[in-house]
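The structure appears right after this line, and notes come after that.
The values are calculated or read from the model by the stated rules, or taken from the named source; none is laboratory data. Given the structure is predicted, the values throughout are model-derived calculations rather than measurements. Here the Cβ positions follow ideal geometry from the backbone for every residue, glycine too, while neighbour counts run over all protein chains shown.
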Amino acid sequence: MTPPLDLSRRQFLTASSLAAGAALLAGCAPGSAIGDSTQTLQFWHLLSGGDGVTMSSLLDGVNGAQGAYRIRPTVLAWGTPYYTKLAMAGAGGRAPDVAIMHATRVNGWAPGGLLDDWDLDRLADLGVDKSTFPAPIWEKGFVGDRLFSVALDAHPFVMMFNTDVCDAAGVLDTDGRLRETSSPEEFVDQLRAVSGSAEGHALSYGYLGDGAQMWRLFYGLYAQHGLAMELPLGGKAVIDKDAAVESLTFMQSLLDGEIAAAQNDYGSAIAEFATGKSGMLFTGVWELRTMQNAGIPFDAAMIPTLYGTPAVYADSHSFVLPHQANADETKRELTYQFVADVLKGSFGWAEAGHIPAFLPVTESPEYAELIPQANYAEAAEHVVYDPSAWFTGSGSSVQEDFGAAVQGVLLSGDDPAAAIDRFEARVNTILTQPNPADPEGTWKP
Amino acid sequence: MTTSATASGAATRTIVTGSAASAVPARRAGSRNREQLISWAFLAPFLIAFALFLVWPIVHGIYLSFTDQSLTGAGGSFVGFANYGEALTDPVMWQSMWNTVWFTLLSTVPLVVIALLMAALVDRGLPGQWLWRLSFFMPYLLASTVISQIWVWIFNPQIGAANNILKALGLEPLAWLQNPDTNMLSIVIATVWWTVGFNFLLYLAAMQNIPPQQYEAASLDGAGPWRQFWSITLPQLGPATVLILILQILASLKLFDQAYQMLGGVASDTTRSIVQYIYEAGFVNYRFGYSAAISYVFFALIVIIGVAQALVSRRRKEL
Amino acid sequence: MSTATLSHTQAITAPGARRRRRPHLPGQKPFGLLRVTAFVVLALLAIGWLLPFLWAIATAFKTETDAASGDPSWIGATGPTVEAFTAILSQGNVYTWAFNSLWTSAAITLITLAISALAAYAFSRMDFTGRKWLFVVVIASIIVPPQVLIIPLFYQMLTFNMIDTHWGLILPQVVAPAMVFILKRFFDAIPIELEDAARVDGASRFRIFWSIVLPLSRPILASVAIFVFIGAWNNFLWPFLVINDTTLMTLPVGLQTVISAYGVQYAQVMAQAVLAALPLIIVFIIFQKQIVKGVATSGFGGQ
């Protein structure tokens, strides 16, 4: 027998008292002191950074304005991890009461029974119906005849520019707006002028390790050719190779280390622009708050139309009802109320840079006075969503696949045509597969 | 060696101290049934859990691998060997398998060599034993999430310590975790830091079991410390090295935690391990049936390696 | 399945050998050049090994601005502060997760210990049909990697409606055939006379198990308990899959899944990581001897 590995009395006592102490501490954790009748609604979203701050204050406002319910938000990491967790929660039947999803992801999910649909009548009773949304945004929420998502906003991918730097470079017109450029060469000339007066680079564009960022810029440029990718299930992807390669090559040419840093990830691009070192930034409108807080003089505009057709890549944050095995009626009722309350109070969301989907807010006089939001409000008319398929949408793996296929082009100067071919091959493989949420097509819209 | 007799006079079998044989006293026939019942009572809790949470999932998993079951509850019809066929021709599956093997190769060498170096140094009996043990072994007790977050911070391309060091040395900063050329290497570095302490302890124990008389005799013969290490220490570390290698390889093949976490849940084609692909196929892409098929292909690989390991051990024992 | 497996079953300690601490190798001067070099190398290596964790701690004590600035100094320009820690602790999540980890790990440890010891005793001392082949089946199952079972186990929990429950997290982890093997080996080595004497006096099997065998097995039970606890506490994959509700998550899972609404806050992330590391570091400091011995002599804890 091996020599006894005895537990000394002292060790045992130390361990137990520590465990007891920990349990006591856990009991002292800050809990919520809410009234007995106040229902807590679990709300999941993936908004962090500038957006996260704004959403937090929006929720605080909603919580403070009434006592029937209290929203308890949880923020999960943007992208695949968020959607995976939400799907698993929906599959398990114990999902949060309400969640945010990108509008482009909904049509892939609905067939899996992971979402419950919205009751149009109940929404109408609360003042939320077709007339209160721009048509394309309202329609994007439908799968078949059923409404699965109610949009909060449209958030396009735009260009922000430092007015001081650009003014010094002489690229602003008399209104203080950026001079219009309508071809890649003109735009590059403008950028070179800016890089002369910028402390760092002319343009900040974060893309490293971020397939979504690469896709956003790419697809916007692609759509500017007047094209839309088609992804028919069971067929072949319809991609105009010339336009695609041209867009990708243009992106590659910007990352020469002079116009833009050769390798910037999302966070460092934001930081470069926010500290005033660069003249322009390609980003989503969701970073508006960050820039306002940074205190730099800036404005925003659509990314210039370089290939003929104005097009703005965008998506919408929308409210969805994750499937609940036994939905609590009271909580459901309160969830409807919550969504209506947030929509009506979404002016604050506009202040964060997004274009609210709720028309009563965007048609108000206060909204017209918001600068720089008013300067890109026209983007809402040229919105381009992801091509419709079960595997596309913000944070989808196909955006990551795109990133994997083309990062070499942007980072190491690989061949753009080969990268587009790789991406096309990948997409074609996926198209041969059924929607795994409903592999036998049994769901009826 | 002991023998004893029970009061009833029935003899008991002897036991040899230290062997794994157990003694089962012979007894009168009538109490046999009672003995059976009691045995099953003792075994029941474990067996129930074993059947429910190990045996049943294995069997059911095999069944699932022949269906197109979806995470959402849809699907579930029989599809024959389609999943297996797809798995074996799936380039991502093979890429993941290769990534896992590559990770194993990359990490095993440092995990053995560095552990050996650490143990050799600590074995010299230099002062501060508790400090060395703590430094080398403490990371092993950290949760995978903790080490992943620490190393993601260190590998941050703009403000991380790793690139700070590179810049201080006048070298180009690297996109450690974002660049497919370096991301697997980064995971290996973090893994080595995390788990070398385990191998270190195994080597240390083996070294400390070498009788000091051997060293004394050698030094009397005029052998210096290097010579002693080469001729006495190293050769006797054979069994420990084999053990460490086997443990290392089997553990590395199951790579998931840190590879998933350090890439923020989004796999690069160069870091996706086979377990991560199993996870993605099932939970990200909802294809339970397909994921089960990949699991069993992986399982087969593990069994083959495990059996090979057993044969190797037996061969060594016979030598 | 429990992640605290016995990776290898042969003890590598030679029978009867004790750990010896040699002051210095024979034929060597205590302060000779080689020895000093060895000491320097060892010290550097040890410091190098501690550095990542120390760096995490240093970052945790910086202000967010200092941390995000990329300043390589150990103390931030604004001086050390605990604001990252207070921010994390005031969010309340860490308490919840730590408590969840504590309760589920304790439950897993107790249940695993109980059922494994009972089963091991039966295999060791009792005679019943199928004893041999059943034991072989149990031992063979040690080779099954838990990762292979995640799909069918998740499906099972879905069916039983146990997703997002602590029992759904605990139960699959109490199956530890490796521990049964270790305990059986230990029980085998207890001299049978001790039990025979009690049986002569008419004690029941359970009585013998409880009053004689268990007390004698305290060392191995302690080792098993410690390693099962550590394995359960650090387990990531299964808790990550089965729990989606953030109030039910264990510490490692919560850390990974829930992010700050403010985006990446480096000092806070490090503060959270340091806090999460503390419990098991404390466990290590208290149970150092057992842990080191357990790893060294039985290969405990190889993942």
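From the residues in region C:66-103 that are touching a Ser or Thr at 6+ places or on another chain (Cβ under 9 Å) and among the acidic types (Asp, Glu), which one is nearest to the other protein chains (Cβ to nearest Cβ)?
C:Asp66
Go through A:Val128, A:Val158, A:Val165 for me and flag whichever is in a helix (DSSP H, G or I) and of a type in the set (A, V, I, L, M).
A:Val165 is the lone residue from the list that is in a helix (DSSP H, G or I) and of a type in the set (A, V, I, L, M).
Let me confirm something: among C:Ala140, C:Ala203, C:Ala198, C:Ala119, which residue is over 30 Å from A:Ala87 (Cα atoms) and touching a residue at least 24 places away in the same chain (Cβ under 8 Å)? Working first, answer last.
Details: C:Ala140 fails: touching a residue at least 24 places away in the same chain (Cβ under 8 Å); C:Ala203 fails: touching a residue at least 24 places away in the same chain (Cβ under 8 Å); C:Ala198 fails: touching a residue at least 24 places away in the same chain (Cβ under 8 Å).
Selected residue: C:Ala119, the only one of C:Ala140, C:Ala203, C:Ala198, C:Ala119 that is over 30 Å from A:Ala87 (Cα atoms) and touching a residue at least 24 places away in the same chain (Cβ under 8 Å).
Search region A:140-154 for residues being in a strand (DSSP E or B) and not small (Gly, Ala, Ser), and hand back the single one that is nearest to A:Asp341 (Cα to Cα).
Here the answer is A:Val150.
Can you spot a residue in region B:227-245 that is touching a residue at least 24 places away in the same chain (Cβ under 8 Å), closer than 30 Å to B:Ile150 by Cα, surrounded by 20 or more Cβ atoms within 10 Å (Cβ to Cβ) and of a type in the set (Val, Ile, Thr)?
Scanning region B:227-245 turns up at least one residue that is touching a residue at least 24 places away in the same chain (Cβ under 8 Å), closer than 30 Å to B:Ile150 by Cα, surrounded by 20 or more Cβ atoms within 10 Å (Cβ to Cβ) and of a type in the set (Val, Ile, Thr).
Could you identify the single residue in C:Thr63, C:Thr37 that is at pLDDT 80 or above and exposed (fewer than 14 other Cβ atoms within 10 Å of the Cβ)?
Answer to the check: C:Thr37.
Is there any pair linking a residue in region A:421-438 that is among the charged types (D, E, K, R) to one that is at pLDDT below 85 and in a helix (DSSP H, G or I), with Cβ under 6 Å and at least six apart or on different chains, and which?
Listed by first residue and then by second, the contacts come to A:Asp438/A:Pro111; A:Asp438/A:Gly112.
For region A:91-117: of the residues being more than 21 Å from the chain's Cα centre (by Cα) and not hydrophobic (A, V, I, L, M, F, W, C), which is farthest from the other protein chains (Cβ to nearest Cβ)?
A:Asp117
Considering only region A:39-57, state which residues are facing chain C (nearest Cβ under 10 Å) and among the aromatic types (Phe, Trp, Tyr).
Once the filter is applied, which keeps residues that are facing chain C (nearest Cβ under 10 Å) and among the aromatic types (Phe, Trp, Tyr), region A:39-57 yields only A:Trp44.
What are the residues in region B:191-236 that are under 21 Å from B:Thr104 (Cβ atoms) and more than 9 Å from every other protein chain (Cβ to nearest Cβ), if any?
B:Thr191, B:Val192, B:Trp194, B:Asn199, B:Phe200, B:Tyr203 - these are the residues of region B:191-236 that are under 21 Å from B:Thr104 (Cβ atoms) and more than 9 Å from every other protein chain (Cβ to nearest Cβ).
Given the residues A:Pro356, A:Pro439, A:Pro416, A:Pro372, which is the only one that is closer than 30 Å to A:Asp256 by Cβ, in contact with a strand residue (DSSP E or B) (Cβ under 6 Å, 6 or more places away or on another chain) and not basic (Lys, Arg)?
None of the others qualify; the one that does is A:Pro372.
Pull up region B:58-71, narrow it to residues that are surrounded by fewer than 24 Cβ atoms within 10 Å (Cβ to Cβ) and not acidic (Asp, Glu), then point me to the one that is nearest to A:Tyr83 (Cα to Cα). Talk me through it step by step, then tell me what you get.
Start the filter on region B:58-71 by keeping residues that are surrounded by fewer than 24 Cβ atoms within 10 Å (Cβ to Cβ), which leaves B:58-60, B:62-63, B:66-68.
Adding the requirement that they be not acidic (Asp, Glu) leaves B:58-60, B:62-63, B:66-67.
Working: B:Ile58: 28, B:Val59: 30, B:His60: 27, B:Ile62: 27, B:Tyr63: 27, B:Phe66: 26, B:Thr67: 24 Å.
Among those residues, the one meeting the criterion is B:Thr67.
For C:Ile139, all conditions in the list (1) more than 7 Å from every other protein chain (Cβ to nearest Cβ); (2) outside any helix (DSSP H, G or I); (3) surrounded by fewer than 18 Cβ atoms within 10 Å (Cβ to Cβ) hold save one; what is the number of the exception?
Going through (1) more than 7 Å from every other protein chain (Cβ to nearest Cβ); (2) outside any helix (DSSP H, G or I); (3) surrounded by fewer than 18 Cβ atoms within 10 Å (Cβ to Cβ) one by one, C:Ile139 breaks only (2).
Read through the list (1) in contact with a strand residue (DSSP E or B) (Cβ under 7 Å, 6 or more places away or on another chain); (2) farther than 14 Å from A:Pro304 by Cβ, then give the number of the only condition that A:Asp167 fails.
For A:Asp167, the failing item is (1).
Restricting to region A:232-254, count the residues that are surrounded by fewer than 22 Cβ atoms within 10 Å (Cβ to Cβ) and either assigned to a loop (DSSP other than H, G, I, E, B) or among the small types (Gly, Ala, Ser) (or both).
10
Within region C:107-122, identify whether any single residue is more than 7 Å from every other protein chain (Cβ to nearest Cβ), closer than 18 Å to B:Pro45 by Cα and among the hydroxyl-bearing types (Ser, Thr, Tyr), and answer yes or no.
Within region C:107-122 (the criterion being more than 7 Å from every other protein chain (Cβ to nearest Cβ), closer than 18 Å to B:Pro45 by Cα and among the hydroxyl-bearing types (Ser, Thr, Tyr)), the answer is yes, since at least one residue qualifies.
Which helices (runs of 4 or more DSSP H) sit wholly inside region B:158-274 and have at least 1 residues that are among the hydroxyl-bearing types (Ser, Thr, Tyr) and touching a Gly at 6+ places or on another chain (Cβ under 7 Å)?
B:212-220
Please pick out the residue among A:Gly200, A:Gly211, A:Gly196 that is touching a helix residue (DSSP H, G or I) at 6+ places or on another chain (Cβ under 9 Å), within 20 Å of A:Asp265 (Cβ to Cβ) and surrounded by fewer than 21 Cβ atoms within 10 Å (Cβ to Cβ).
Exactly one residue qualifies, and that residue is A:Gly200.
Scan region C:237-260 for residues that are surrounded by fewer than 24 Cβ atoms within 10 Å (Cβ to Cβ), touching a residue at least 24 places away in the same chain (Cβ under 8 Å) and of a type in the set (Ser, Thr, Tyr) and jot them down.
C:Thr246, C:Thr247
Would you be able to say whether some residue in region A:58-76 is modelled with pLDDT under 60 and within 11 Å of another protein chain (Cβ to nearest Cβ)?
No - not one qualifying residue is present in region A:58-76.
Does C:Ile230 meet the test of being in contact (Cβ under 8 Å) with a residue 12 or more places away in the chain, closer than 23 Å to C:Ala107 by Cβ and part of a helix (DSSP H, G or I)?
Taking the combined requirement at face value, the residue satisfies it.
How many residues, within region C:58-114, are of a type in the set (Gly, Ala, Ser) and over 27 Å from the mean Cα position of the chain (by Cα)?
So the answer is 11.
Within the group C:Phe186, C:Phe206, which residue is among the hydrophobic types (A, V, I, L, M, F, W, C) and modelled with pLDDT of 90 or more?
C:Phe186
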